[in-house]
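Since the structure comes first, as structure tokens, the remarks are kept for the end.
The values are calculated or read from the model by the stated rules, or taken from the named source; none is laboratory data. Predicted, not measured: the structure shown is a model, and the values here were computed from it. Note that we place each Cβ from the backbone using ideal geometry, even for glycine, and neighbour counts take in every protein chain shown.
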Amino acid sequence: MTASVLSVMKFGICIGMLALTASIGLQAADARRIILKNGTEVRGELLREREDAVLIDLGFTVLSLPRTEITTLDKITDGQNATTVVAAKSEDIYYVEPGREPLTVEKNVERVAESVVQIQTASGLGSGFIINKLGYVITNQHVIAGEREITAVYYRKTPTGLEKQAFTKVKIIAMNGFLDLAILQIDDPAAEKLPFVPLGDSDSLTQGQGVFAIGSPLGMERSISQGIVSVKARENGGRWYIQSTTQINPGNSGGPLFNARGEVVGVNNMKMSGVGVEGLGFSIPGNVLKLFLKNRDAFAFDPRNPNAGFRYLPPPATAEAKAEAPNAP
């Protein structure tokens, strides 16, 4: 049996002399794998599950992990290490967490709300959400279009209320006007300690499924709205949207649409407005966002290039076309 020493200070618990072992002989039915909001993975024997916390035995000490900090709680199958602490794996630059536990909207808000930020520019404001430890933030392109000075406001929950932290050094990584998506990065060492949210599978949505949004509609910070999926694939202007009854208003743009597992399944984008028109909110599907993230180099932002990302010129005309239009390129 090998041992390592790791000092961990989290949630007011000081864990000293943490022994990492290949196995402690637990039965699979007793062992659990827990992933926390900050990406840390903990494995050990489940002693007790409470409404507010989970008690895990590491073999030499017992951890009490707050429910609000837990994103995944799974059983460990035979052959897997029973006790360890490792970093969660990412899918490209975003995170996915299969088997994430469904919770009520109230409980979900507790575990994901701190990952939602307000995006401020000289011309207005919108919403966004953090997707990894690099401080990458997703929002709508129209929220930051034409802007170079961007502020991301992070809201930390404290015993006395919400504490705001404004990050003024925010740079644009990539953006696409047709998809209306943008990737920002909080350029601050503190960004790696900010909580982030996993992305879910928008293709798995069904009509009538419950969803909820967090954002700053009309500047009203940290507002929650709840609804159901009306149509998971609604075409409009050559683009696909998730149509839901979730209230989407100016200031919600760029914010996340969550499912019951607290996974982002959409990026809130627009609503239909008019006299008597209610409950027609539209979100960019999460799987479209994933495709944008995986191909972000094609939309890389360059402040020196007014056409950033890349501008693709039309192909040269054929000989026949040139004969018909001699001035064609």
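Residues in segment 214-226 that are more than 19 Å from the chain's Cα centre (by Cα) and farther than 16 Å from Glu114 by Cα: 2 in all. With respect to Ser127, is the statement that it is over 18 Å from Pro189 (Cβ atoms) and crowded, with 24+ Cβ neighbours inside 10 Å true? Considered against the rule, which asks whether it is over 18 Å from Pro189 (Cβ atoms) and crowded, with 24+ Cβ neighbours inside 10 Å, Ser127 comes out as yes.
Taken together, Val211, Val229, Val265 contain a single residue that is at pLDDT 95 or above, within 25 Å of Lys157 (Cα to Cα) and more than 14 Å from the chain's Cα centre (by Cα), which is Val211.
Does Val112 satisfy being touching a residue at least 60 places away in the same chain (Cβ under 8 Å), farther than 17 Å from Gly251 by Cα and surrounded by 21 or more Cβ atoms within 10 Å (Cβ to Cβ)? So Val112 fits the description; yes. Tallying residues that are under 19 Å from Thr104 (Cβ atoms) and in contact (Cβ under 8 Å) with a residue 60 or more places away in the chain within segment 196-225 yields 10.
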